[in-house]
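Structure first, then comments.
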Amino acid sequence: MRSNGCGELRNKDISSKVELCGWVDRCRDHGGVIFVDLRDQSGTIQITADPDQGKKLFEIAETLRNETVVKIKGVVRSRPKESINKKLGTGDIEILADEIKILNPIRGNLPFTVSVHDEEPVKEELRLRHRYLDLRRERMNQNLRLRHKTIHTARNFLEKEGFIEVETPILTRSTPEGARDYLVPSRVCGGEWFALPQSPQLFKQLLMVGGIERYYQVARCFRDEDLRSDRQPEFTQLDIEMSFMEQEEILALNEKLIVAIWKAIKGIDIPTPFPRMTWEESMNMYGTDRPDTRFDMKLEDVSEVVKNLGFKVFSGAIAKGGSVKCITVKNGNSTISNVRIKPGGDIFKEAQEAGAGGLAFIRVREKGEIDTIGAIKESLSNSQKEDLLKITKAKAGDLILFGAGETSTVNKTLDRIRQFLANELKLISDKNEPKAWNFLWIVDFPMFEFNSEENRLEALHHPFCAPKAEDLTKNSESIEINLPKAHAQAYDLVLNGLELGGGSLRIHDPDLQKQVFTAIGLSSKEASEQFGFLTDALNMGAPPSWGNRFWVGQNCNAINWRRIYS
């Protein structure tokens, strides 16, 4: 039906006769000549409908509405110099139409505008109801094409590295993996239920036992959990699994994959190796295990300095086992008013959203003098004031914001405030610069965290992560994990405050795996019922990657496309 795509034509095509199909992006009547922007997947080009080309053609052009599907025949010609559009690849040329055929007209009112020229904010509910129109919008259309190109690049890279794609089952039995399952009833299995996979995690391990060695899959995953800005019930992830590799090789391979994707998609050369930070360092300095390192404003623990103050908010928090931390906002005195920090202010509300009761603050004046609302100033001795200014490196004009309470809440609060202020104060680099892509490995995660509601340990990532060598005790009969402070050989890849993926070295020793099940509160019977198939497989020659050591070198890497492109 067409000879070219709308966005493919250039100066070299001048004088060519073409046939184009697409949607009317918009129409403009300029004193008897009608200009139509015609759009298809390749781009947009201007069509000129001149009455000199025929009365019928012009009458059809006058009836065209946005999003009408048409076929155009005409000749490519240069646009007048004064009307050249440098924003379009086709901006130097236009089509002088000699035939317009309406393939499908618009038969009602559009619920919202589609053209990039008229794009306006639209409620999400309305966009979802008319998803087919939403997908015609430039941003959404380009997102899908970007996603396709990214996965295409990843596939090419992995296959050159010797990986093969394997599809794993969708209908499976339920196994606990950290979120609720979606359950599917089965008519043919006597009232039994299947679960949709939260990830292909266990199947990947079985593939390694089966000698596949290098596997990947663009996998559909399902989790029955609350919606968040970066979470959906149904999502896609790139899963990779490999045997007989050490952690350094795994991280290097993943870095090569990311470099290949960014080069193909953005044309940017990402430097390697990526920086690394331990989980403990990340929590101490940023209050989160996925820090945005494009700007400073790190958390400082000042508990020792303020623990004996008469300021009960601070001393009380520390007495209960909590902490007092702060962030320093450079030149914050001139940009942030007291009203914003006090109840009712936007910064106060951000703190509340994170679970805090509020924020304390100190303003640093000339010559190191401090000013505050409340009892902090009166409670500080000269030496304590000097210690605070030394730890925070605060100078005249800076604002110090404090969080006090349970350490996890303090971390969450100051992390949220830090990100909120960074966006407002424009502390983040331009995304078109290579330095704006701050990749970071977070390593040495704790294996377990304590669930106070259930009064038991639970796996921080999942119960299949191998512990670090120094957290194992070897005797003549067995190897035991030093609980509960063991660290996992696990890692996350973080980009500008977003978790892109994560991985771990797997347990390949069945006795060690049983110890982990016991540590998280599974009885022998429960472990056998839920994971007996896995421990049976581990008894059949599961491949270690580090020779004689007792953890498996299989990388559970999940680059989450929904997060990259949300």
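The values are calculated or read from the model by the stated rules, or taken from the named source; none is laboratory data. Model, not experiment: these values are computed from the prediction. Please note: Cβ atoms are built from the backbone with ideal geometry, for glycine as well, and neighbour counts cover all protein chains shown. Side chains included, ligands, DNA and RNA excluded: accessible areas come from the protein's heavy atoms. Shrake-Rupley method; radii C 1.70, N 1.55, O 1.52, S 1.80 Å.
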Fill in: Computed over the range 484-537, Cα set: Rg, Dmax in Å
14.4, 44
Worksheet, complete the sentence: Restricting to Cα pairs under 8 Å and 6 or more apart, the percent relative contact order of the chain works out to 12
Worksheet item: So, in Å, what gap is there between the alpha-carbon centers of the range 17-50 and the range 285-301?
Response: 51
Worksheet, complete the sentence: Heavy-atom accessible area per residue of the chain, all protein chains kept, 1.4 Å probe, expressed in Å², is 51
Discussion item. Counting only helical runs of four or more DSSP H residues, what would the 222 nm mean residue ellipticity of the chain come to if each run contributes -39,500 (n - 2.57) and the total is spread over all its residues?
Written reply: -8500 deg cm²/dmol
Fill in: Cross-link table 56/101; 123/149; 263/426; 485/514, entries beyond 22 Å C-alpha to C-alpha
123/149; 263/426
Worksheet item: Cα-Cα pairs above 18 Å in the range 324-442: how many percent?
Response: 55
Worksheet item: P(r) tail for the range 25-154, what percent of Cα pairs lie past 27 Å?
Response: 27
Worksheet item: Relative contact order of the range 322-420: what whole-number percent is it, with Cα pairs under 8 angstrom and at least 6 residues apart?
Response: 47
Worksheet item: Once a ≥ b ≥ c are taken as the square roots of the eigenvalues of the Cα gyration tensor of the range 132-271, is the result rounded (a/c under 1.5), prolate (a/b larger than b/c) or oblate (a/b not larger than b/c)?
Response: oblate
Practice prompt. Starting from the range 309-382, pick out the GluC sites (Glu not before Pro) whose DSSP state is loop and whose Cβ has at most 15 other Cβ atoms within 10 Å.
Written response: 369
Worksheet item: Remind me, what semi-axes does the chain give for its equivalent ellipsoid, largest first in whole Å, using sqrt of 5 times each Cα gyration tensor eigenvalue?
Response: 51, 38, 21
